[in-house]
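See structure below.
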Amino acid sequence: MNTLEELIEDLTYRQGFLEGRNAAFFLKEVDAGFLIEFTYPHILQGLERKSSLTDIIAGMGGRIRQKLKLKQDSIKAVQAGWYILISYFELDILGYYCKHLKVKNKRSKYPTYQLKVKDWESLQNMIELVDIEISDMFPCSTPISEWLNKQTVHPDSGRPLIRNAHEDALEVIPDADLDYLTETLNKLTGTGWVINQEVFEVYQKCMHLEKNPFKFSKEIDPQKKASLLIETEAIEKLAKRHLNNTFYHLYNVDFRGRIYPNTAYLHEQSSDNAKGLLLLDEASLLGENGFYWLCVHTANMWGNDKVSLDERALWTRDNFDDIMSYVQNFAKYDKWMEAEKPWCFLACCHELSMLSNWCGDGNAQETFPSCLPVYIDGSNNGVQHLAAMSKDSEVAPLVNLVPSKIPGDVYMFIANKVWEIISDLSDDLGQEGYSEFQKLYEEIILLKREAEKWPQGTEKNKLAYQALREFKNHNYDLSRKLCPIFWNEIQDKKIQRKSVKRNVMTLGYGGTKFGMGEQVNEDTRGINDYLRDKEEAWGVKLGHLVYDTCYAELKGPAKLLKMFKQLAERENEKNIPIAYYTPVTNFPFVHKYRKAAAKRVRLKYGDEELQIQIQVWEESSLDYGKQKSGAAPNIVHSLDAVHLAMTVHD
């Protein structure tokens, strides 16, 4: 028997012993094969995202209840997911371990359980064994039935129209005119995709090469590396399953109206690994301006996207010989691997090669049938919407709301302002400050390297880290004072921009000082050794500085962000959510964050018993704090969702 058959056999056997008092009893008469195949993608995605065991089993059980058209029940969902997962424990494919998370630097009261993989080969090979048409969250090889207007649930999949929808929104759907949204979703759901076989062949070969463009090969963090590897291999397995057929995705929306595919990994909103493998199944003729835009897209995928459109098109034509060499011998001419989006860039190279052959055969360029999807990234959509609503003429050029020969770059604008402040602060510290910093930094690095010499958890390792902590505590004030000098050493404009990019990007979506500090620490850790060794407090201070700079320099957007926050405070006083119909799509936006009731649940496996805490959404109240902090980002998201829907629909 293969792994899938063994899992089904185990679950079938145990289903015979399910009793009415067990919260998972509703699974008793459900086909075991369906349960294993349907929930498998949830396990795979949960491992990739490092989700907690509780979240994984809640997702598994919740989707089963949706599919069976059963009422939401958080406790039954968790117990059902756990009951299925036990089969993986029995076959020694998965296990679990306990850890205590830290909340605000304090150990959490309740333990958190995580899944661990014991037999990765068996788990991975399941992708080749499960029925694609049954498995939840995998692409479908047959067309999917359409959404029906005024219906809250998809007729076949059981998926809700609105993910995690609030009852306030669901109540108005039968009376709302959602034709525009339904037509948009059905247009996407009816779009067929195929695998770019030339690029996929290179993808498979690169997985076994020492030099390759995959992010996992460059990642130094073990957990991130494992996560990236799961994603890379899952995309490869799914692409292989669909190598010779057209496939489709089901789409729905979140409470803001943003459209998402209900597919894991292999879809157009996924990473570059997936996007580079995708082609549309229906070709469009290149047309009069198609070659120009293909050249622009190629330059964008390389990373040359901060110059004018004409300069981007010219860059592609100037580098045409190199582009052709990547197609002819990807391993020998491997500079394509340095592209910002290497797989999408390689797909462009192949498209240009086919176009060259087409024209070489005497065909007109305009008649070339192209299936290559072109991905167009917005210029900081959040700030774009805020600048447009506030009619801020100074910010508008920075996010390309007005015509300009050279694209605006709000990230570089903020980075320049931030480093001007850093330079001034560093100058104020003088030569004495630089000498103090050099001495402090060298001692910290010396102590870190001493700790890293010894195996983690050993007595020498613990003593070395204790010495490091004591040194840092003793020099706490000095370290904070010298922070500007650390950042002033970064003079590379690309690194400056990269350091602030996510901060600025999330400003329009409710970025906070605290969050921006965390983002800087996460985003700069892997850039180089110097930034990897920074003190966490230095990253936090830079995040705070970026936050203050954004509010000082982006005046129109900042004013609106404050206004949305005040709106939430006013609605909180009335104990009601923020609710309205969006323009064009007429989508019922309901900004209603709830505080779920917490309940302790026992999970039993053999002689073992785990106690977990779950959120019971059936018993919830308005979360005033999240209502306030989430108002600005979600209002902006709802307007961005309208723009995206219009792009698809029209």
Practice item. Filter the stretch 328-337 down to residues that are in a helix (DSSP H, G or I) and in contact (Cβ under 8 Å) with a residue 40 or more places away in the chain and give me whichever is farthest from the chain's Cα centre (by Cα). Key: Trp336
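Table: residues versus (1) of a type in the set (Gly, Ala, Ser); (2) open to solvent by 30 Å² or more (accessible area, probe 1.4 Å); (3) more than 26 Å from Lys562 (Cβ to Cβ).
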residue	(1), (2), (3)
Cys483	no, no, yes
Ile490	no, no, yes
Arg497	no, yes, yes
Val500	no, no, no
Val504	no, no, no
Lys534	no, no, yes
Lys541	no, yes, no
Revision key, fill the gap. A careful count of residues in the stretch 178-204 that are touching a helix residue (DSSP H, G or I) at 6+ places or on another chain (Cβ under 8 Å) and part of a helix (DSSP H, G or I) gives 12
Point to revise | The listed residue being outside any loop (DSSP other than H, G, I, E, B), touching a residue at least 40 places away in the same chain (Cβ under 8 Å) and under 30 Å from Lys498 (Cα atoms), out of Asn252, Asn273 | key: Asn273
Review point. Given the residues Tyr40, Tyr110, which is the only one that is over 28 Å from Glu619 (Cβ atoms) and of a type in the set (Phe, Trp, Tyr)?
Key: Tyr40
Check your understanding: Of everything in the stretch 26-51 that's over 18 Å from Leu91 (Cβ atoms) and charged (D, E, K, R), which residue is surrounded by the most Cβ atoms within 10 Å (Cβ to Cβ)?
Key -> Glu48
Check your understanding: Which of the following residues is of a type in the set (A, V, I, L, M), open to solvent by 30 Å² or more (accessible area, probe 1.4 Å), at negative phi and in contact (Cβ under 8 Å) with a residue 24 or more places away in the chain: Leu425, Leu468?
Key -> Leu425
Check your understanding: Of everything in the stretch 356-381 that's loosely packed, with under 14 Cβ neighbours inside 10 Å and among the small types (Gly, Ala, Ser), which residue is farthest from the chain's Cα centre (by Cα)?
Key -> Gly362
**Study point:** Subset of the stretch 382-407 (residues that are open to solvent by less than 20 Å² (accessible area, probe 1.4 Å) and either closer than 16 Å to Asp305 by Cα or among the polar types (S, T, N, Q) (or both))
**Key:** Val399
Exercise for review: Could you please tell me which pairs satisfy a Cβ distance under 9 Å, a separation of 6+ or placement on different chains, a first residue in the stretch 72-92 that is in contact (Cβ under 8 Å) with a residue 40 or more places away in the chain and under 15 Å from Ala596 (Cβ atoms), and a second residue that is part of a helix (DSSP H, G or I) and β-branched (Val, Ile, Thr)?
Suggested key: Val78/Thr54; Val78/Ile57
Check your understanding: List the pairs whose first member sits in the stretch 555-578 and is farther than 28 Å from Pro397 by Cβ and open to solvent by less than 20 Å² (accessible area, probe 1.4 Å), whose second member is of a type in the set (Val, Ile, Thr) and at pLDDT below 95, and whose Cβ atoms are under 7 Å apart, counting only residues at least 6 apart or on separate chains?
Key -> Ala568/Ile578
Check your understanding: If we scan the stretch 380-399, do we find a residue that is out of contact with any Phe, Trp or Tyr (no Cβ under 8 Å at 6 or more places or on another chain), part of a loop (DSSP other than H, G, I, E, B) and closer than 22 Å to Tyr326 by Cβ?
Key -> no
Check your understanding: Is there a residue in the stretch 294-306 that is part of a helix (DSSP H, G or I), open to solvent by 20 Å² or more (accessible area, probe 1.4 Å) and charged (D, E, K, R)?
Key -> no
Practice item. Answer yes or no as to whether Tyr251 is touching a strand residue (DSSP E or B) at 6+ places or on another chain (Cβ under 9 Å), surrounded by fewer than 20 Cβ atoms within 10 Å (Cβ to Cβ) and of a type in the set (Phe, Trp, Tyr). Key: no
Practice item. Filter the stretch 519-576 down to residues that are under 23 Å from the mean Cα position of the chain (by Cα) and of a type in the set (Lys, Arg) and give me whichever is modelled with the highest pLDDT. Key: Arg532
Review point. Hey, does the stretch 9-25 have a residue that's closer than 21 Å to Met137 by Cα, surrounded by 14 or more Cβ atoms within 10 Å (Cβ to Cβ), at pLDDT 95 or above and aliphatic (A, V, I, L, M)?
Key: no
Point to revise | Test: residue in the stretch 378-401 that is closer than 25 Å to Ser271 by Cα, touching a Leu at 6+ places or on another chain (Cβ under 8 Å), at pLDDT 95 or above and hydrophobic (A, V, I, L, M, F, W, C) | key: no
Practice item. Answer yes if at least one residue in the stretch 254-270 is in contact with a Leu (Cβ under 6 Å, 6 or more places away or on another chain), small (Gly, Ala, Ser) and open to solvent by less than 10 Å² (accessible area, probe 1.4 Å), and no otherwise. Key: no
**Study point:** Count - residues of the stretch 345-378 that are assigned to a helix (DSSP H, G or I), touching a strand residue (DSSP E or B) at 6+ places or on another chain (Cβ under 9 Å) and more than 17 Å from Ala313 (Cβ to Cβ)
**Key:** 4
Practice item. Out of the residues in the stretch 443-462 that are of a type in the set (Asp, Glu), more than 33 Å from the chain's Cα centre (by Cα) and open to solvent by 70 Å² or more (accessible area, probe 1.4 Å), state the one that is nearest to Glu535 (Cα to Cα). Key: Glu450
**Study point:** Subset of the stretch 344-355 (residues that are without any contact (Cβ under 8 Å) to a residue 40 or more places away in the chain and open to solvent by less than 50 Å² (accessible area, probe 1.4 Å))
**Key:** Ser353
Practice item. Can you confirm whether the stretch 627-649 contains a residue that is at pLDDT 90 or above, surrounded by fewer than 13 Cβ atoms within 10 Å (Cβ to Cβ), under 27 Å from the mean Cα position of the chain (by Cα) and assigned to a helix (DSSP H, G or I)? Key: yes
Review point. Can you spot a residue in the stretch 141-164 that is in contact with a helix residue (DSSP H, G or I) (Cβ under 6 Å, 6 or more places away or on another chain), farther than 19 Å from Tyr248 by Cβ and in a helix (DSSP H, G or I)?
Key: no
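The values are calculated or read from the model by the stated rules, or taken from the named source; none is laboratory data. Model, not experiment: these values are computed from the prediction. Cβ sites come from the backbone with ideal geometry, for glycine too, and all protein chains shown count toward neighbours. Protein only, heavy atoms only, side chains kept; ligands, DNA and RNA dropped before computing areas. Shrake-Rupley method; radii C 1.70, N 1.55, O 1.52, S 1.80 Å.
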